[in-house]
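Here the structure is laid out as structure tokens; the discussion comes afterwards.
The values are calculated or read from the model by the stated rules, or taken from the named source; none is laboratory data. Only a predicted model underlies this, so the values are computations on that prediction, with no experimental measurement involved. Please note: Cβ atoms are built from the backbone with ideal geometry, for glycine as well, and neighbour counts cover all protein chains shown. Accessible surface is based on the protein model in full, side chains and every heavy atom, while ligands, DNA and RNA are left aside. Shrake-Rupley method; radii C 1.70, N 1.55, O 1.52, S 1.80 Å.
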Amino acid sequence: MREKRAASIGIDSWTPNGARICDYLLGGRENCPTDRAAANRRLQSNPAARKTAQANRAFLGRVVSHLASEVGIGQFLDIGSGLPTRRSVHEVAQEINPDARIAYVDQDAAAIRHSQAILARDGVRNVIAFQGDLRKPGRILDSPRIAGFLDLRQPVAVLMLAVLHFISDEEDAHGVVHHLGGGLAPGSHIAISHTVDESPPEVGAAVRHGFQFVGAALTPRPRAEIDRFFEGFELLEPGVVDVCDWRPDPLIDDSTLGGRIIVGGVGACP
Ligand SMILES: C[S@@+](CC[C@H](N)C(=O)[O-])C[C@H]1O[C@@H](n2cnc3c(N)ncnc32)[C@H](O)[C@@H]1O
């Protein structure tokens, strides 16, 4: 991404940014030299970071595809969305249903400004992006931006991919999901992916260290605690599994991605 364009969007290209680092790891072009330097430092301490990001994004694609085509959901609320590039929710959902509506929410104001610029540049329809904090789920659901855009009386898919592990137990990550689930219409779905606390200690330390460059504290959780996010939901098969094992596409070999670091699942509101 050229400095001139970054400046025109109001982006500080001198400070590494988590969403742009993620874009770089996914092979995107919406990042700056400082993001690439931070990503490469992360890769030094955690060489699996790129494959993990790619496996997580492939999981996102399969989940959205399933929800749009098999379940028939046409509204998506993606919280902790990062940048809408590299097979993001709207790209997958609107290929199946061109009228699908997608709201991207991220706490990072720079990521939101950047997302809005990408969506405007690409002339994308039926997609909005606004700033919101997953730790305050009521404010997101009650936001006038949502009220004018999604119909929460109808089923909606709420995606929280690779974001709940940035919310600590003190900040009540489980309460956040519970609160969100309580505000959704029957037939709605939630999808979660989360760093699992099953890595050997040195890998876990490297993963946590990899996020310190962008000032984000990571809380990997044991699998039982990740399962607990789905309490009150009907868990879709195959449950909470390594993201690579969630309904893998038989035509695509994902087996070299991942590495038991990030698990995910989908639950339906009864
Ligand atoms: C690793 S990226 C994940 C992007 C995308 N969901 C994916 O799975 O590829 C995490 C994103 O979550 C955002 N984030 C972190 N804490 C958040 C919070 N409390 N509320 C909303 N977004 C948050 C970060 O700004 C970042 O863009």
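Wholly within the range 82-165, which helices (runs of 4 or more DSSP H) include no fewer than the required count, namely at least 1 residues that are among the hydrophobic types (A, V, I, L, M, F, W, C) and at pLDDT below 95? In the range 82-165, 109-121, 144-147 are the helices (runs of 4 or more DSSP H) which contain 1 or more residues that are among the hydrophobic types (A, V, I, L, M, F, W, C) and at pLDDT below 95. Residue count for the range 56-73, restricted to those that are away from the ligand (no atom under 12 Å from the Cβ) and open to solvent by less than 20 Å² (accessible area, probe 1.4 Å): 3. In the range 189-220, of all residues being touching a Phe, Trp or Tyr at 6+ places or on another chain (Cβ under 9 Å) and modelled with pLDDT of 90 or more, the one that is nearest to ARG153 (Cα to Cα) corresponds to HIS189. Taking the criterion of being open to solvent by less than 20 Å² (accessible area, probe 1.4 Å), of a type outside the set (Asp, Glu) and in contact (Cβ under 8 Å) with a residue 60 or more places away in the chain, would at least one residue in the range 122-136 satisfy it? Within the range 122-136 (the criterion being open to solvent by less than 20 Å² (accessible area, probe 1.4 Å), of a type outside the set (Asp, Glu) and in contact (Cβ under 8 Å) with a residue 60 or more places away in the chain), the answer is no, since none of the residues qualifies.
If you go through the range 1-21 and keep only what is touching a helix residue (DSSP H, G or I) at 6+ places or on another chain (Cβ under 6 Å) and surrounded by 12 or more Cβ atoms within 10 Å (Cβ to Cβ), you end up with ILE9, ILE11, SER13, PRO16, ASN17, ALA19, ARG20, ILE21. Only residues that are of a type in the set (A, V, I, L, M), in contact (Cβ under 8 Å) with a residue 12 or more places away in the chain and outside any loop (DSSP other than H, G, I, E, B) were counted in the range 1-42, giving 8.
On inspection, ASN40 passes the criterion of being surrounded by fewer than 16 Cβ atoms within 10 Å (Cβ to Cβ) and either away from the ligand (no atom under 12 Å from the Cβ) or not polar (S, T, N, Q) (or both).
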